[in-house]
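Working notes for the structure below.
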C-alpha cells in the first residue's frame, strides 16, 4: 500500500522478510475499527508490519524515530499514536516508522510474552540495516512509545543485550534514544498497569516474569537517553511509572528529561495539547543534537 502525501511518502511493508518467528500457522483475524477519539484501532494483530514515513530530501536531517502505538497490548491506536506523530516528525525533517506489532495471543504465538519485543527488535534491526537506503543516520535511531507502546519501547531500550530474533549479522539492537509518552514501565502490583501485564503475561505470571518485564529494574549505564512525559493525574497508568524510570536513569548517570503535568488524563485527550508536549519533546531532541 503506497500513497503520496504533501510531506512524505508512506509505505507499509512486512516487518520480517520471511517467516515471522514465534508465530503459529493460523488464520489472520485482524480487525480494524473506527473511534471518535482516536480515529483508528487495530485488534488481533498477528501479521506485523512497519509503515515508512520518509522525510523529504530537502528537509531530512538523518534522525529517525520508530513509533509503537499504545492500547494496553490489547489493541493499537494506529492513527493518533502512530501516523499522526509520524507526519509531524516528517515536517521537522525526521523520518518516522510506525510499527504494527503483534498483539499477545496464545492462539497466534508460541510464547506471547516476547512477541511484541521481537517485533520491536526487528524494527530497530531493519531500520539500522536500511539506513543508507532510507537516508538516515544509523547512530540516530530513536524509539517512541505511548502507554503500553511505551512499555514496549522501554523494554527494547533496556533489554537490547539479548537478541530475541535471528540476528546473524549481529546488528546492534540498541536504540539511540527513547521518547516515552505516559508509558507503562512497571508490571509490579504497586504501580504497574495490570491490564497490560495480563495481556502480555497472562493471569498468573511468575514473579521472575513480572520482574523481567518491569523495566525500572533493567536500567544500566548503557541505557539510551530518554525523554518522558506524563500527567500527574493519570488514573490509568500512574505517574510513578515515569518517575521511577527517571530516578533510575539518574542513578546510573543516563541523560534524561521528564515533564509532569499537573492535570490531564491518560493519552492527553484534552490536556496538555499535542503541540505543548510534542514541542517539549522536540526541544529535548534539539538539546541532544538530534535535530538542527
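The values are calculated or read from the model by the stated rules, or taken from the named source; none is laboratory data. Just so it is clear, the structure is predicted and the values come from calculations on it, not from any experiment. Please note: Cβ atoms are built from the backbone with ideal geometry, for glycine as well, and neighbour counts cover all protein chains shown.
Is it true that residue 235 is within 27 Å of residue 80 (Cβ to Cβ) and crowded, with 18+ Cβ neighbours inside 10 Å?
Taking the combined requirement at face value, the residue does not satisfy it.
Residue-wise test of (1) more than 17 Å from the chain's Cα centre (by Cα); (2) closer than 16 Å to residue 114 by Cβ.
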| site | (1), (2) |
| --- | --- |
| 151 | no, yes |
| 155 | no, yes |
| 158 | no, yes |
| 161 | yes, yes |
| 168 | yes, no |
| 175 | no, no |
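Of all residues in the stretch 30-70, count the ones that are crowded, with 19+ Cβ neighbours inside 10 Å, more than 26 Å from residue 136 (Cα to Cα) and in contact with a helix residue (DSSP H, G or I) (Cβ under 6 Å, 6 or more places away or on another chain).
Going through the stretch 30-70 one residue at a time, the tally reaches 1.
Taking residue 245 and the conditions (1) surrounded by fewer than 17 Cβ atoms within 10 Å (Cβ to Cβ); (2) within 20 Å of the chain's Cα centre (by Cα); (3) under 24 Å from residue 141 (Cβ atoms), which numbered condition does it fall short on, given that it satisfies the others?
Looking at each condition in turn, residue 245 falls short on (1).
Which one of these does residue 80 not meet: (1) within 22 Å of residue 134 (Cβ to Cβ); (2) out of contact with any strand residue (DSSP E or B) (no Cβ under 7 Å at 6 or more places or on another chain); (3) at pLDDT below 95?
Here residue 80 clears every test but (1).
Need at least 3 residues that are under 21 Å from residue 152 (Cβ atoms) and touching a residue at least 40 places away in the same chain (Cβ under 8 Å) per element, so show me which helices (runs of 4 or more DSSP H) inside the stretch 178-292 make the cut, counting only ones lying wholly within it.
It comes to 194-201, 240-251, 274-287.
Quick one: which helices (runs of 4 or more DSSP H) sit completely within the stretch 84-163 and have at least 1 residues that are within 21 Å of residue 214 (Cα to Cα), touching a helix residue (DSSP H, G or I) at 6+ places or on another chain (Cβ under 6 Å) and in contact (Cβ under 8 Å) with a residue 24 or more places away in the chain?
Where helices (runs of 4 or more DSSP H) fall fully within the stretch 84-163 and carry at least 1 residues being within 21 Å of residue 214 (Cα to Cα), touching a helix residue (DSSP H, G or I) at 6+ places or on another chain (Cβ under 6 Å) and in contact (Cβ under 8 Å) with a residue 24 or more places away in the chain, they are 115-129, 148-158.
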